[in-house]
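First comes the structure, then the notes that go with it.
Bear in mind these aren't lab numbers, they're just calculated from the coordinates by the rules spelled out. These numbers come from a predicted model, not from an experiment. Methodologically, a virtual Cβ is constructed for each residue, glycine included, from the backbone with ideal geometry; neighbour enumeration extends over all protein chains shown.
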Amino acid sequence: YYFMLTLYDLNINTSAIIASLDSSSQVRHRLCELGLLPGSSVRLVSKTPFGGPIQIKLNHSYLAIRKEDAILIKVKH
């Protein structure tokens, strides 16, 4: 079977493609405004301990997003 990872599940320095956003329309709108769109390539740069925010590289920008948002973003390798 095929298991879809979330952005938070990625290992550090791993790249993936955003497959979908599983969230309410308000959160989805905010994530899309940041450029987190299906089909976009992202790389996990760092994770903070104890469920804090993660840092990702999206195109040529670095973003920090909350764990709560990162687990809503499904990715594929």
Query raised in the report: What relative contact order, as a whole-number percentage, does the chain give when Cα pairs under 8 Å and 6 or more residues apart are counted?
Result: 42 percent
Report task. Please report, in debye to the nearest 20, how large the charge dipole of the chain is about its Cα centre when each Lys and Arg carries +1 at its beta carbon and each Asp and Glu carries -1 there. Result -> 120 debye
Report summary line: Note to self, the chain gives a 222 nm [θ] from helices alone (DSSP H runs n ≥ 4, -39500 (n - 2.57) apiece, / all residues, nearest 500) of -4000 deg cm²/dmol
Query - From the coordinates shown, Kirkwood radius over Cα pairs in Å corresponds to which of [x] 12.2; [y] 14.1; [z] 13.2 - result: [x]
Report summary line: FRET efficiency for Leu5 and Phe50 from the Cβ-Cβ distance with R0 = 35 Å, rounded to 0.05, comes out at 0.95
Query raised in the report: What is the extension gain from Ser40 to Thr14, computed as 0.36 nm multiplied by their sequence separation minus the C-alpha to C-alpha distance, in nm to one decimal?
Result: 8.0 nm
